[in-house]
1. With respect to L402, is the statement that it is closer than 21 Å to V297 by Cα and modelled with pLDDT of 75 or more true?
2. Conditions: (1) under 18 Å from G268 (Cβ atoms); (2) in contact with a Phe, Trp or Tyr (Cβ under 7 Å, 6 or more places away or on another chain); (3) not in a strand (DSSP E or B). V224 meets all but one. Number of the miss?
3. What are the residues in segment 152-194 that are open to solvent by 70 Å² or more (accessible area, probe 1.4 Å), in a strand (DSSP E or B) and among the β-branched types (V, I, T), if any?
4. What about V197, is it in contact with a helix residue (DSSP H, G or I) (Cβ under 9 Å, 6 or more places away or on another chain) and without any contact (Cβ under 8 Å) to a residue 12 or more places away in the chain?
5. Determine whether segment 205-212 contains at least one residue that is over 16 Å from T245 (Cα atoms), among the acidic types (D, E) and open to solvent by 70 Å² or more (accessible area, probe 1.4 Å).
6. Condition test on A319, is it within 20 Å of I14 (Cα to Cα) and either in a loop (DSSP other than H, G, I, E, B) or at pLDDT below 65 (or both)?
7. Return yes when F58 is more than 14 Å from A134 (Cα to Cα) and either surrounded by 17 or more Cβ atoms within 10 Å (Cβ to Cβ) or touching a residue at least 12 places away in the same chain (Cβ under 8 Å) (or both) and no when it is not.
8. Out of (1) in contact with a helix residue (DSSP H, G or I) (Cβ under 7 Å, 6 or more places away or on another chain); (2) closer than 28 Å to P273 by Cα; (3) open to solvent by less than 30 Å² (accessible area, probe 1.4 Å), what's the single condition that is false for V146?
Amino acid sequence: MSYVLAFLGFVALIILHEAGHFTAAKAVGMRVERFSLFMGPLLVKFRRGETEYGIGPFPLGGYVRITGMNPHEELSEDREIKELDAQLDRLRDDADASAAHDPSQARELRAQEQALTGRISELQAQADAIRGRAYFNQKVWKRIVVILAGPAVNLLIAFVIFWAIALSNGQQVANTTVQTVTVHGPSAAYIRPGDKVVSVDGVSGSEDAIRKQIGTHRCAGAQVNNCVAATPARVVVNRDGKLITLEIRPRYSTASGEDRPLLGIGFGTTQEPVGVGGAASLSVNNMWYVTTRTVSVVARIFEPQERKQLHSIVYGYTATQESFATSTTQAFYVLGLISLSLAIINLFPFLPLDGGHVFWAVAEKVRGKRIPFEVMERAGVVGFVLILLVFVIGLSNDISTLSGPGIGLH
């Protein structure tokens, strides 16, 4: 069942992203030819008004086809006009040939010619009206709105998911109750799990304030791993309702990037409820952190350590599936992360990503005239190669992770 739920989660993200483009295009008057879930020739399809809806065979995304994304594309009305023009030429030739020996047939052919000419005029008017609604013939702001609508939906989905989780579960806040004591650490002979640290050197308050005060106890010489502080920290703990004063010398630690004096204790955490506004603030902060981290990883893709952080949709799907198997809340959180990542990646200024379309629309506005489509096509090739490179790196990392230690969500 977890596989099905993960698949449905991804389908929902795709549908909602494309629905953003679709709704915005309809709202600004563009002509939407097709709304497809998945890629490839449509296996199931139906038409409502001018739009065809369908499902393709390859679950690799989806798309909305808006008339005029390529200014050189040929409309179905144009193709029909060409066919009718050829028929009209034949009718005229036949009418001219019949005029001398069969006037009655000539009159009939002229009538057909007139009807065909009317149909061609009607189709030409339709084609002109459609071209007037084509993407490339719209104002720049309309094009930008349509393109940004997709990533905007992904951002909204991520915000709503993070907000709902924060509102439901509250905020995890570190407290000053000792949860773990490092074996053979500085505090092993003094502090027990369950002790509440009241103060260090008279400094009380939050877990962060206490950690900072511990960090003031430096070694006498060079600050190297496991060196002992020159002066002891005066630690007051509450144990079973009694205050106990202890003198403990912190040790300098370089493990896990700490690079500071430690007492070798780990504090616990509590879940504190947050209101609607607090949940919104936590959601925005979380989204900003993920955004800056994602951009940093992609920008430093040629650094081996950062490159290892890239993953493809395979990893995302597996993480979602494993999350659904263990915790629905965690699964929705992962889907929120994926939705946010889709928005961020889609906004990079490379065609065929949404950000690439926005970039060239803005460039046209700044330039004051249309940029040749051929230039955009060449830029699109470069963008496609970059996207393919990122995908290959991500897939390679996925294979290494999934065939090795795994994701580790169980």
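The values are calculated or read from the model by the stated rules, or taken from the named source; none is laboratory data. Quick caveat, the model's predicted, so the values are computed rather than measured. Don't worry about glycine lacking a Cβ; one is built from the backbone with ideal geometry, like all the others, and counts go over all protein chains shown. Remember, those area values only see protein heavy atoms, side chains included, never the ligands or the DNA or RNA. Shrake-Rupley method; radii C 1.70, N 1.55, O 1.52, S 1.80 Å.
1. Answer is no for this residue.
2. Condition (1) is where V224 drops out.
3. Residue satisfying the conditions is T180 alone.
4. Against the criterion (in contact with a helix residue (DSSP H, G or I) (Cβ under 9 Å, 6 or more places away or on another chain) and without any contact (Cβ under 8 Å) to a residue 12 or more places away in the chain), V197 does not qualify.
5. Yes: segment 205-212 contains one or more residues that are over 16 Å from T245 (Cα atoms), among the acidic types (D, E) and open to solvent by 70 Å² or more (accessible area, probe 1.4 Å).
6. yes
7. yes
8. (2)
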